[in-house]
1. Among the residues of segment 172-220, which ones are under 25 Å from PRO46 (Cα atoms), without any contact (Cβ under 8 Å) to a residue 60 or more places away in the chain and of a type in the set (Gly, Ala, Ser)?
2. With outside any loop (DSSP other than H, G, I, E, B), over 16 Å from the mean Cα position of the chain (by Cα), of a type in the set (A, V, I, L, M) and within 19 Å of TYR48 (Cα to Cα) as the only criterion, which of VAL180, VAL217, VAL190 stands out?
3. Check segment 145-156 and report whether any residue there is under 18 Å from the mean Cα position of the chain (by Cα), surrounded by 19 or more Cβ atoms within 10 Å (Cβ to Cβ) and not aromatic (Phe, Trp, Tyr).
4. Checking the structure you have, find out if any residue of segment 23-43 is modelled with pLDDT under 85, within 25 Å of the chain's Cα centre (by Cα) and of a type in the set (Lys, Arg).
5. Which members of segment 69-126 meet the condition of being closer than 16 Å to PRO32 by Cβ, touching a strand residue (DSSP E or B) at 6+ places or on another chain (Cβ under 8 Å) and of a type in the set (Ser, Thr, Tyr)?
6. Could you say which residue among GLY75, GLY83, GLY121 is exposed (fewer than 14 other Cβ atoms within 10 Å of the Cβ) and under 17 Å from the mean Cα position of the chain (by Cα)?
7. Taking segment 124-144 on its own, how many of its residues are in a loop (DSSP other than H, G, I, E, B) and surrounded by fewer than 19 Cβ atoms within 10 Å (Cβ to Cβ)?
8. Would you say VAL160 is of a type in the set (Val, Ile, Thr) and surrounded by fewer than 17 Cβ atoms within 10 Å (Cβ to Cβ)?
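The values are calculated or read from the model by the stated rules, or taken from the named source; none is laboratory data. Fair warning: this is a prediction, and the values are worked out from it, not measured in the lab. Note that we place each Cβ from the backbone using ideal geometry, even for glycine, and neighbour counts take in every protein chain shown.
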Amino acid sequence: MLNLVVRTQFVMFLVTAIGASALAQDEYRDRPGKFDFYVLSLSWSPSYCAEAAERGNRDGGPECGQRPFAFVVHGLWPQYEHGFPEYCQSPSPRLAHNIVAEMLDLTPAPRLIYNEWDKHGTCSGLSPRAYFETIRKAREKLKVPPEYLSLEETVTVTPVAVEQAFIEANKGLSRRGIAVECKSRRLGEVRVCLSRDLQFRECPELVRHSCQRDHLVMPLVRGAN
């Protein structure tokens with residue numbers, strides 16, 4: 001009987017603790033600056049362009065022109081330990097054209113830059129200038145493995161091999177802090193978790209959603225061969 005009472009009290013304690021934690025997060029959900037860490041997402045540009053061509057969009061936008069884009073920045077996303085905020089200010093503060101122009105070397109599609117600011121940047125608690133400067137610092141922090149800087153032929157890889165290449169190129173990055181996203185049978189994105197001061201950190205929830213395919217195609221970089 002005593003054991004049953006102890007177990008019941010323990011379960012009630014867990015329920016109360018979990019409820020209090022959820023309530024605390026709800027109190028600052030979608031409030032600018034209230035988040036736990038960042039996810040830096042790099043898209044494999046040739047996969048996006050191949051998919052656009054299959055949809056009949058031969059142009060694909062600025063990203064699919066003649067310049068040889070490989071990994072490009074999709075975004076830097078504030079995250080909670082569970083879930084993430086979005087659209088934290090509506091309407092969002094104005095994003096100046098010169099800031100967009102300065103980011104085109106990392107994210108070659110202006111429309112994506114505006115969208116990233118509205119959806120994710122407004123949750124950072126930073127000004128537009130400071131947010132995009134943080135993106136640039138995060139991108140400088142993460143080194144792309146040399147073999148992926150300018151892929152001259154289409155290759156087949158495994159998600160684990162891509163993760164391992166990034167881990168070997170970045171001291172402090174672990175298997176529990178990186179995830180690969182599939183884009184159908186192609187490599188879509190590499191996502192890396194960073195603390196608010198841009199240090200590599202673990203993020204089990206993101207890792208659980210990493211691509212589970214046995215193999216992925218990485219189309220060659222346009223104009224690289």
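1. Matches in segment 172-220: GLY177, ALA179, SER210.
2. VAL217
3. No; the residues of segment 145-156 include none that is under 18 Å from the mean Cα position of the chain (by Cα), surrounded by 19 or more Cβ atoms within 10 Å (Cβ to Cβ) and not aromatic (Phe, Trp, Tyr).
4. Taking every residue of segment 23-43 in turn, at least one turns out to be modelled with pLDDT under 85, within 25 Å of the chain's Cα centre (by Cα) and of a type in the set (Lys, Arg).
5. SER124
6. GLY83
7. First, pick out the residues of segment 124-144 that are in a loop (DSSP other than H, G, I, E, B): 124-127, 142-144.
Next cut, surrounded by fewer than 19 Cβ atoms within 10 Å (Cβ to Cβ) only: 125-127, 143-144.
The total comes to 5.
8. Details: of a type in the set (Val, Ile, Thr): yes; surrounded by fewer than 17 Cβ atoms within 10 Å (Cβ to Cβ): yes.
Criteria met by VAL160.
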